[in-house]
Structures are given as C-alpha cells and as structure tokens.
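Report on the following structure.
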Amino acid sequence: MVNCPFCMAANACTANNQCWCFMVEIPDSLLSLVPESYQAKACICQACLEQYTKDPNAFIESLNTQA
C-alpha cells in the first residue's frame, strides 16, 4: 500500500534506507495506533508523524472523530 493508514494520503515512501522514514524514529505509541489491517503494509506519512509528534492527544482525538 502506498497510502498513509491514518489520512489515506500518498505517503511518498520509497521503502528503502534512503527514504525519509528510515531517518526518523517513529514512536511505538504511534505505531500501536495503526489499524491491524495496515500493520507492516503501509507507511505513516510525514504529515501525520509531525502532527502526532506535535500533539499526540490532538492527533488521537482527530482519529476518533474520523471513525
């Protein structure tokens, strides 16, 4: 899958060690929020990572309002 499991936007992941996502630490607490059907199949986009890092509670709240 090439879309973010949270916002469904294209995540621009190249799935190799030169991709931006290999150069940052993705918090386990954010990874735990990835729906099971997307785990190990979709990459979180940079925008969602930044939103989560800035305010985890607001990010989680936004997920709850999408459901």
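Of note:
- Selection of the range 47-67 for residues being modelled with pLDDT under 90, more than 9 Å from F6 (Cβ to Cβ) and not hydrophobic (A, V, I, L, M, F, W, C) yields N64, T65.
- Inside the range 1-36, residues that are of a type in the set (G, A, S) and either touching a helix residue (DSSP H, G or I) at 6+ places or on another chain (Cβ under 8 Å) or farther than 20 Å from F59 by Cα (or both) make up a count of 4.
Residue-wise test of (1) in a helix (DSSP H, G or I); (2) surrounded by 12 or more Cβ atoms within 10 Å (Cβ to Cβ).
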| residue | (1), (2) |
| --- | --- |
| E25 | no, no |
| S29 | yes, no |
| S37 | yes, no |
| K41 | no, no |
| L63 | yes, yes |
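- Test result for A42, modelled with pLDDT of 90 or more, under 10 Å from the mean Cα position of the chain (by Cα) and small (G, A, S): no
- Subset tally (residues that are exposed (fewer than 11 other Cβ atoms within 10 Å of the Cβ) and either modelled with pLDDT of 90 or more or part of a loop (DSSP other than H, G, I, E, B) (or both)) for the range 3-14: 0
- Qualifying positions in the range 43-52 - surrounded by 13 or more Cβ atoms within 10 Å (Cβ to Cβ), part of a helix (DSSP H, G or I) and either in contact (Cβ under 8 Å) with a residue 12 or more places away in the chain or of a type in the set (D, E, K, R) (or both): Q46, A47, C48, L49, Y52
The values are calculated or read from the model by the stated rules, or taken from the named source; none is laboratory data. Note that the coordinates shown come from a computational prediction; the quantities given were computed from them, not determined experimentally. Here Cβ is always computed from backbone atoms with ideal geometry, including for glycine, and neighbour counts include all displayed protein chains.
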